[in-house]
Amino acid sequence: MTIAVASGKGGTGKTTVAVSLALSLEGSVVLMDCDVEAPNSHIFLHPIIAGEENVYISVPRIDESKCNGCGECSEICQFNAIVVPKNKPLLFLELCHGCGGCAMVCPKGAISEEKRKIGVVEEGWGMGIHSIHGSLSVGEPISPPIIKKIKQKQNTGETVIIDSPPGTTCPAVESVRGSDYAILVAEPTPFGLNDLILSVEMVKKLAIPCGVVLNRWDDERTIIEDYCLNEGIPIFLKIPEDRKIAEAYSRGVALIDVIPELTTAFRELIGRIKKELSSQTGKVEPSCTNLL
Amino acid sequence: MHELVVISGKGGTGKTSLLASIAVLSSNAVIADCDVDAADLHLLLKPDVKEHHEFIGGRVAQILQSKCRGCGECLKLCRFDAIRAYRNGRGERVFSVDPLSCEGCSVCVRFCPACAVDFKTRTSGEWFISMTRCGPMVHAKLGVASSNSGKLVSLVRKRSREIAEESNRELLLADGSPGIGCPVIASITGSDAALLVGEPSLSGLHDLKRVLDLTIHFGIPAFVCVNKWDINKELSEEIEELALSKGAFFAGRVRYDRGVTGAQLEGKTAVETNTPASEDIKKIWDYINTRLKGGRLCA
C-alpha cells in the first residue's frame, strides 16, 4: 500500500505527519521523501546512508565540426535549450528536459547526448524505517526525474509513505501519482483552506481518494472542518496548536515522541484507510480522533 | 526601481504574511505574486481584478486514432512515459497520450511516420492585473496539475516590471514559492535582492542553507530574517551566523505571535493590526529599505 502525504501550502506539517505515520506503523515501512527541493525527513529519522545514486538527465553535446548551422535542433526544442543565432548553436542546458529530440533530428549527426547530474538519491535506515530521500542540486530547475528515481527504489512488501513537496504542479503530481491514498495536511487559516482546496482538486484529477489531517488546530477556527463536512472528506486527526510541538519540531523530534498517545491514533488512521480501500463502495466514517 | 523577491526554501515560514506587511509599509510598490502554484497573497490584499488573461503554457501531444497505424514508434521515443499502450476489442494495439505526463517536447509529433500526432497549445492557467489598497498587483493561477510554472512566473514578473516603470513606482515586491526549483529560479534571476525568510528549526536551517546557496549561485544579494525566532533561540543564532558567513545581510527577527494568524483570519496584514510582531516587521523593512535606497547591496 502506498500513502502520499501532501498539501498545497508549504509548512503545514507534511513531514511531521509522514514521519510519525511511518514510525507508528507495524511491519516494514519505507518513507520516501519526495520533497527533493527541501528534503527534511532525514532530520527526524537520522538514517545511516547505505547507498547513494546520482540522478542524471541526457543533454545534448554538439560537435561543431559537423554542425552546418541549419537550426533544426532549435526548431524541435520546445524548451529554448538550443538556439542557433548566426549559424552557431548555443546551449542552455539548465532548460533541457532531456527529450532527445535535437539528437534525433540533427541531419549531420552532430549532436550526441551526455549525462548531466541534476541531483542525488540516498537510501538508508533510521529508527527502524527504510528511508529514501533525494536532493535536487542547487541551481537545477527540474526535479521530477529525481522523484521518479526515488519511487523506483521500493522493495516488495513494504508499506510506502510518501512525503510530497508542497504545491499542485509537476513535482507534487509526480510524487503523489500512483498512490492508493492521499493524506492532505491542512491548517485552519485562510491560506490553509485556499491551498487545501487546490490539493483536493489535484488528487481528484489523479483519481486518488483522500482524507485530511488537521494541524495547528484550535476549536474556534472551524473553516477546514466546515469545508470537509461539505465536501464529504474525512478528517482523520486533529493535532492541536501547541508551542510545545513547534519547539520539539524545531529540534528534529518526531511528533509521536512528544505525544506518544498519537501512535495509536496514527495506527487507527491507517486502519480506516485500509478499510476504505478494501470496501469498493464504502466511505471512511467521518469520525475523528480528538486530541485535546 | 528596485525589485525585491521574498523566498524561503522551506514552505510555511511566513513569506506571504511578511510580504503583505511590507507592501503596506512601502506604500509605493507594485506587487507580483510569483507563487503561481499555491497563491495566497490575494487573501490578504483582496485585489480588484482589472484585467484577466489566459496563460498558454505549452503544447500537448494527442494521437489521432483515425490516422494512427499502431506502429508504436511514439512509445519507443517518449522519455517521459507519457504514451499509454493497450489492446482494443479486436486485439489491435492502440496508443494514447497521458496529458499529465506529456511534457510537450514534440518528439512523438515530429517522428510519427503516419503524422498521427496532433500538437495543440494548452491553456494551463490564468493571470490578472489588479488594484489593491497597497498598489497595483500582478498575480496568476496555474491550473491544478499543470506544468510550466517558471514560464508563468516570468510573465508575471515582466508585466509587473512594466507597470512599475509606467507608473514610476520605486519598488517591485515579488512573493516567491517554496523550494529551489524552476518557479523559484524564475522568480529570482535578475532581481535586485532577495529576502529569505528563515524558521528556527533544523528543517528551516537546512532549507535556508540551500536557498541561500541558490541566491549565491545566481549572484542575487540576499537579506535574511528569522520568523518566530523565540521558538528556538539557539537555532536563530545559527541562522544569523549562517547568513553572515555567506555574505548575506541579517535583516532581523520576528517574534512568535499568534496575532499574525489572527490578522490573516481578519484578511489583514500584521502591520494593519498592531499585533506585537508588527514592530519587528517594521524594523526589518527599515533595515532593507535603507540599503535598497542606499544602493549598498554588493557585499
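Readers should treat all values here as calculations from the given coordinates under stated rules, not as data from a laboratory. Bear in mind the structure is a predicted one, so any value in this text is a computation, not a measurement. We place every Cβ from the backbone using ideal geometry, glycine too, and count neighbours over all the protein chains shown.
A few comments on the model shown:
- GluC sites (Glu not before Pro) restricted to the range B:1-95 and DSSP loop, no more than 14 other C-beta within 10 Å: B:92
- Counting only other chain Cβ atoms within 10 Å of each residue's Cβ, the peptide A:81-93 averages 0.
- Computed E for residue B:133/residue B:158 - FRET, C-beta separation, R0 25 angstrom, nearest 0.05: 0.55
- Average beta carbon contacts from partner chains per residue of B:256-268, 10 Å cutoff: 2
- Using alpha-carbon coordinates, inclination of helix A:14-24 to the longest axis of chain A, degrees: 60
- Distance-filtered residues of the range A:76-106 - backbone nitrogen under 20 Å, label point 7 angstrom along residue A:114 Cα→Cβ: A:81-84, A:88-106
- Degrees between helix A:190-205 axis and first principal axis of chain A (Cα, 0 to 90, nearest 10): 70
- Once the Cβ-Cβ distance of residue B:87 and residue A:201 is raised to the sixth power relative to R0 = 22 Å, the FRET efficiency obtained is 0.10.
- Over 26 Å apart at the Cα level, from the set A:88/A:148; A:88/B:67; A:117/B:10; A:244/B:233, are A:88/A:148; A:88/B:67.
- In this structure, the amide hydrogen of residue A:56, modeled 1.01 Å from its nitrogen in the peptide plane, lies closer than 5 angstrom to those of A:118, counting only residues at least 5 positions away or on a different chain.
- Estimated inter-spin distance, residue A:95 and residue A:275, nm [label 7 Å along Cα→Cβ]: 5.4
- Note on residue B:192 and residue B:100: the model spin-label points, each 7 Å out from Cα along the C-beta direction, lie 4.3 nm apart.
- At least 20 Å along the helix axis (C-alpha) and Kyte average at least -1.0, DSSP helices within chain B: B:149-166, B:202-217, B:277-294
- DSSP-assigned coil residues among GluC sites (Glu not before Pro) in the range B:143-217, each with at most 16 further Cβ atoms within 10 Å: B:170
- Under 16 Å from residue A:108, Cα to Cα: aspartates and glutamates that are on another chain or at least 8 residues apart: A:63, A:64, A:72, A:75
- Where only DSSP H runs of four or more residues are counted, chain A gives -9000 deg cm²/dmol as its mean residue ellipticity at 222 nm, each run worth -39500 (n - 2.57).
- Label-to-label distance, residue B:246 versus residue B:167, with points set 7 angstrom from Cα along the beta-carbon direction: 3.3 nm.
- A simple count of charges around residue A:42, restricted to other residues whose Cβ falls under 9 Å of its Cβ and scoring Lys, Arg +1 and Asp, Glu -1, yields -2.
- Between 0 and 90 degrees, the angle of helix A:262-278 with respect to the longest Cα principal axis of chain A falls at about 70 degrees.
- Theoretical FRET efficiency, 1/(1+(r/R0)^6), r = Cβ-Cβ of residue B:56 and residue A:261, R0 60 Å, to 0.05: 0.70
- Average Cα contact separation per residue, the range A:57-117, under 8 Å, 6 or more apart, as relative contact order %: 49
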